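K.L.:
What follows is a structure written as structure tokens; I'll ask about it next.
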Amino acid sequence: MGGDGRRRGCAELAGPDGQVDDDVALVSPWGADLAVVEVPVLLVQGEQDRIAPRSHAEQLARGLPQSELWFRPDDGHISVLDACADAVDWLVRVAPEAQADTGSPSASSDSGSSHIGNRTSTSRNDV
């Protein structure tokens, strides 16, 4: 059994509670209004993800007015973490803009502020 098999075996020992909770979250109200989130949110979805469906990422993106959704065609549920460096670059780029949009005193005065709208990208492997 390789490294992946050992990790899968450990996860199976924990039982199905986490997966059931995730499934219920897909179809139940969360008790929070995503529309009031005023900061940019990056959602990164692996197209090969067999655990969290694409429709869930799309639903989150629709509910978050300042979201950007990246689809990574070759990534799954875990390998999507390979996008972390690109996500940090995105954060560095949008953080000053978000601070300027909210009037934060820590925002740079020369920041070329612009609204980070609700956008979807179909492929972000070339970030």
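K.L.:
Scan region 48-57 and give yes if some residue there is part of a helix (DSSP H, G or I), in contact with a helix residue (DSSP H, G or I) (Cβ under 8 Å, 6 or more places away or on another chain), of a type outside the set (Phe, Trp, Tyr) and modelled with pLDDT under 95, otherwise no.
P.N.:
Yes; the residues of region 48-57 include at least one that is part of a helix (DSSP H, G or I), in contact with a helix residue (DSSP H, G or I) (Cβ under 8 Å, 6 or more places away or on another chain), of a type outside the set (Phe, Trp, Tyr) and modelled with pLDDT under 95.
K.L.:
Here's a check for you: in region 14-44, which residue that is among the charged types (D, E, K, R) and more than 20 Å from Glu58 (Cβ to Cβ) is surrounded by the most Cβ atoms within 10 Å (Cβ to Cβ)?
P.N.:
Going through the qualifying residues, I end up with Glu38.
K.L.:
Please determine, by comparing only the residues of region 31-85 that are in contact with a Lys or Arg (Cβ under 7 Å, 6 or more places away or on another chain) and acidic (Asp, Glu), which one is farthest from Gln19 (Cα to Cα).
P.N.:
Out of the qualifying residues, it is Glu68.
K.L.:
Only residues that are part of a strand (DSSP E or B) and not polar (S, T, N, Q): list them for region 16-47, please.
P.N.:
Val41, Leu42, Leu43, Val44, Gly46 - these are the residues of region 16-47 that are part of a strand (DSSP E or B) and not polar (S, T, N, Q).
The values are calculated or read from the model by the stated rules, or taken from the named source; none is laboratory data. On a predicted model such as this, the values are computed, not experimentally measured, just so you know. With ideal geometry, Cβ positions are generated from the backbone for all residues, glycine too; neighbour counts draw on all protein chains shown.
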